[in-house]
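First the structure, in the form of structure tokens, and then the observations on it.
Every number in this text was worked out from the coordinates using simple rules, so none of it is lab data. Keep in mind that this is a model prediction, so the values were computed, not measured. Here the Cβ positions follow ideal geometry from the backbone for every residue, glycine too, while neighbour counts run over all protein chains shown.
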Amino acid sequence: MMEMVINGVSTRKVEIITEELCGKKFSKSTVSALCKKLDPIIEAFRTRPLKCHYPFLVVDAIYVKVRENGRIRSRGLLIAIGINEEGYREVIGFQLANSESESCWGEFFSSLKERGLKNVDLVTSDDHKGLVNAVKRHFQGAVWQRCQTHFSKNILDHTPKTLQPELKEELCQLYEAVDLESARSIRDRIIQTYEAKAPKATAILDEAFDDITAVLALPLKYRKRLRTTNSVERLNQEIRRRERVIRIFPNTASVIRLMGALLMEQDERWQTGRKYFDMQLYYQIRNEKNPKPGTAA
């Protein structure tokens, strides 16, 4: 019964299915009571020490509706995905927050650091102001990569419809640039071509250029998967699929319970599946740039 609920079957349907299969009716309250037994397991997962090195983070938020004090409120589920030193993805943290303000994200990042997160090299996210400010404050020295998918949507929204297909192709060429010099050359060409026809779009590109190309500092093999938040977006789609069954969570504890169980399952699939990255080249270059005391540079 607990597995059915986690996989998106409503408690009402669970009640019907168990009666048909077992000849015994289990009420929605009974099913909910059984699911509460997941709470200590999920809390242990959510607060576990982070003993690995996670050089790359992808962070995002998804909003859910929760009933609190008789009123329905929108709450943000903040999620952090880390790529560990072995090259596997992990759900390293999640937290329910009132908003995506800098203070909410800052509290979330502080909790990750208290659990052992350190030496982050790159953080990928969308351009939410509170999130970006919190990243710069809590991960000083790390590079922030603005999600190119979100950026493309933003810049095309400020482009005349007749020009959107060709500008989209130009942006793809920019994202595929082999180095920063090539990216600058493509940027300059785009600005020169579209400045008169789409001034707002070219201004946005010029301002955001350093942030959308930050990933170029990494070896080529790591760029494609770290230049967007697509890996989290796919996870968000699965969260949405299950969240639609409930529509409105009865309380905040139920959000952490159901979403936490889902995230635990996803984390297990990642940990037992294929590596996301081969990290050998990354650490080789990293060690060459920052040799240990007493070793040759």
Environment charge at D278 (Cβ cut-off 11 Å; Lys +1, Arg +1, Asp -1, Glu -1): +2
Contour excess over end-to-end distance, with Cα ends at S110 and R184 and 0.36 nm allotted per residue: 23.1 nm
Gyration tensor verdict on segment 159-293 (Cα atoms; rounded if a/c is under 1.5, prolate if a/b is larger than b/c, oblate otherwise): oblate
Per-residue HN-Hα couplings for segment 152-160 [Karplus 6.51, -1.76, 1.60; θ = phi - 60°; Hz; x = Gly/Pro]: 4, 4, 5, 6, 6, 5, 9, 10, x
DSSP beta bridges in the chain [antiparallel fraction, %, rounded to 5]: 70 percent
K36/S103 FRET efficiency (R0 41 Å; Cβ-Cβ; nearest 0.05): 0.85
Three semi-axes of the equivalent ellipsoid, the chain, Cα gyration tensor, whole Å, largest first: 39, 25, 17
The chain - percent relative contact order, Cα under 8 Å, separation 6 or more: 23 percent
Interchain or long-range residues, amide H under 5 Å from T229's placed H: Q148, T149, H150
Förster radius 30 Å - calculated FRET efficiency between N290 and A208 (Cβ-Cβ, nearest 0.05): 0.55
In Hz, Karplus ³J(HN,Hα) per residue of segment 282-290 (6.51, -1.76, 1.60; θ = phi - 60°; x = Gly, Pro): 4, 6, 4, 5, 4, 5, 5, 7, 10
Inter-part distance where segment 115-134 and segment 251-290 are each reduced to a Cα centre, Å: 15 Å
